[in-house]
């Protein structure tokens, strides 16, 4: 019997792009049987996303898709075909969880909103991930990760003092909503184990972002201060608590940086000793946090003069040895090739893939001592498990499968 905590849980995965697949990836890593329902004539755009491994793109050699869809199965199904709709309903009846991240009316247009899903399986757990959720004035608005980030308030909170909002340049709200959805699904499974009841999880990406804006909301409601004001946002400097030094600093080499955070005067003195007591650091203006804040520009310039004499890893190791918070601003290649901590924690794993060959995968977060997640398979080739699912999960025989294939249902 499998020790994976979600072994025995079957997920009908109707997700695409990033937000939904992030949620189902977590479930798959911990043992759930996640069955991606795909349509060969309208493939998940991430299957064509960069980076492409090899000379030309196929539907199976996207590194992006491979990252989000390990440990999952893929079946082809034309859900617009009447017989395809019947097959999907049978799969839902055989599943514990249905997950999708379409616009809010799509499942309703398929006659598969939550009340109709409950008719198929009364205790079904249905998780929908959309920009605004399935209720309210804005439910029909469409979003993308960066637009959900903007609407949540996070974009206007980012950037450098005196500069326009910068945003984060990537779909962080897709990931955040996906992680929140995975947590909610596991909570719903626990609830069903205790009560026998399923439920609808209505996940809003915008709301997942709003919960990260607490400090700015408090500043506005309690202090009456807008977030964007003189000196705010603070860039890489700390704003609460206000401490210095707190920034990223250039190091020796091309585009190499280290982040340093000194939280009190004792840590500052430790940093001064680690820098070998340079004369400028003994200036009384820098002796207290208040003085360092008042002279922060000059302080940062002086520190960067020191950091550029060393590599980023040397700076980190010198300061960490002195008890000062410091970390290399690692690039992807650093994490893969140079980080001894990740190696010590068995972070990287290799799995075989029919088109990509042996590929590297990041580990499972978090690490459970008794029932840790396991990397079992690479991402599935498009539709590779179609016959297996129809036969083993839905009980169809070879003649029935052949008939569905001939009628264009399995495409």
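Go over the candidates 140, 174 one by one and state the one that is under 19 Å from residue 19 (Cβ atoms), in the same structural domain as residue 200 (by TED's automatic domain parsing), part of a loop (DSSP other than H, G, I, E, B) and modelled with pLDDT under 95.
Values: 174 fails: part of a loop (DSSP other than H, G, I, E, B).
Sole residue among the options that is under 19 Å from residue 19 (Cβ atoms), in the same structural domain as residue 200 (by TED's automatic domain parsing), part of a loop (DSSP other than H, G, I, E, B) and modelled with pLDDT under 95: 140.
Under the condition of being buried (at least 17 other Cβ atoms within 10 Å of the Cβ) and closer than 26 Å to residue 182 by Cβ, the residues counted in region 382-411 number 6. Checking the stated criteria, residue 269 turns out to be out of contact with any strand residue (DSSP E or B) (no Cβ under 6 Å at 6 or more places or on another chain), surrounded by 14 or more Cβ atoms within 10 Å (Cβ to Cβ) and outside the structural domain of residue 140 (by TED's automatic domain parsing). Residues in region 263-282 that are in a loop (DSSP other than H, G, I, E, B), touching a helix residue (DSSP H, G or I) at 6+ places or on another chain (Cβ under 8 Å) and more than 15 Å from residue 321 (Cβ to Cβ): 2 in all.
For region 189-236, the set of residues classified as under 16 Å from residue 152 (Cβ atoms) and outside any helix (DSSP H, G or I) consists of 203, 204, 211, 212, 213, 227, 228, 233, listed by residue number. Quick check: is even one residue across region 217-232 buried (at least 18 other Cβ atoms within 10 Å of the Cβ) and in contact (Cβ under 8 Å) with a residue 12 or more places away in the chain? The answer is no, given that none of the residues of region 217-232 is buried (at least 18 other Cβ atoms within 10 Å of the Cβ) and in contact (Cβ under 8 Å) with a residue 12 or more places away in the chain. The numbered conditions (1) surrounded by fewer than 17 Cβ atoms within 10 Å (Cβ to Cβ); (2) out of contact with any helix residue (DSSP H, G or I) (no Cβ under 9 Å at 6 or more places or on another chain); (3) within 28 Å of residue 229 (Cβ to Cβ) are all true for residue 159 except (1).
Considering region 121-137 alone, what residues qualify as being touching a residue at least 12 places away in the same chain (Cβ under 8 Å) and over 23 Å from residue 195 (Cβ atoms)?
Restricting attention to region 121-137, the residues satisfying the condition of being touching a residue at least 12 places away in the same chain (Cβ under 8 Å) are 121-135.
Answer for region 121-137, where residues must be touching a residue at least 12 places away in the same chain (Cβ under 8 Å) and over 23 Å from residue 195 (Cβ atoms): 129, 130, 131, 132, 133, 135.
Evaluated against (1) more than 22 Å from residue 353 (Cα to Cα); (2) surrounded by fewer than 17 Cβ atoms within 10 Å (Cβ to Cβ); (3) in the same structural domain as residue 355 (by TED's automatic domain parsing), residue 48 falls short on exactly one condition, (1).
The rows are residues; the columns are (1) free of Cβ contacts under 8 Å to residues at least 40 places away in the same chain; (2) touching a helix residue (DSSP H, G or I) at 6+ places or on another chain (Cβ under 7 Å); (3) surrounded by fewer than 20 Cβ atoms within 10 Å (Cβ to Cβ); (4) under 20 Å from residue 390 (Cβ atoms).
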| position | (1), (2), (3), (4) |
| --- | --- |
| 2 | yes, no, yes, no |
| 13 | no, yes, no, yes |
| 27 | no, yes, no, no |
| 72 | no, yes, no, yes |
| 77 | no, yes, no, yes |
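The single condition among (1) surrounded by fewer than 17 Cβ atoms within 10 Å (Cβ to Cβ); (2) without any contact (Cβ under 8 Å) to a residue 60 or more places away in the chain; (3) in contact with a helix residue (DSSP H, G or I) (Cβ under 8 Å, 6 or more places away or on another chain) that residue 325 does not satisfy is (2).
Restricting to region 55-70, and then to whatever is over 18 Å from residue 350 (Cα atoms) and in contact (Cβ under 8 Å) with a residue 12 or more places away in the chain, can you tell me which residue is surrounded by the fewest Cβ atoms within 10 Å (Cβ to Cβ)? So the residue we want is 58.
Just one residue in the set 379, 369, 359 is surrounded by fewer than 15 Cβ atoms within 10 Å (Cβ to Cβ), over 30 Å from residue 249 (Cα atoms) and assigned by TED's automatic domain parsing to the domain that holds residue 89; that residue is 369.
The values are calculated or read from the model by the stated rules, or taken from the named source; none is laboratory data. What you are looking at is a predicted structure, and each value in this text was computed from that prediction instead of being measured. FYI the Cβ positions are ideal-geometry reconstructions off the backbone, even for glycines, and counts take in every protein chain you see.
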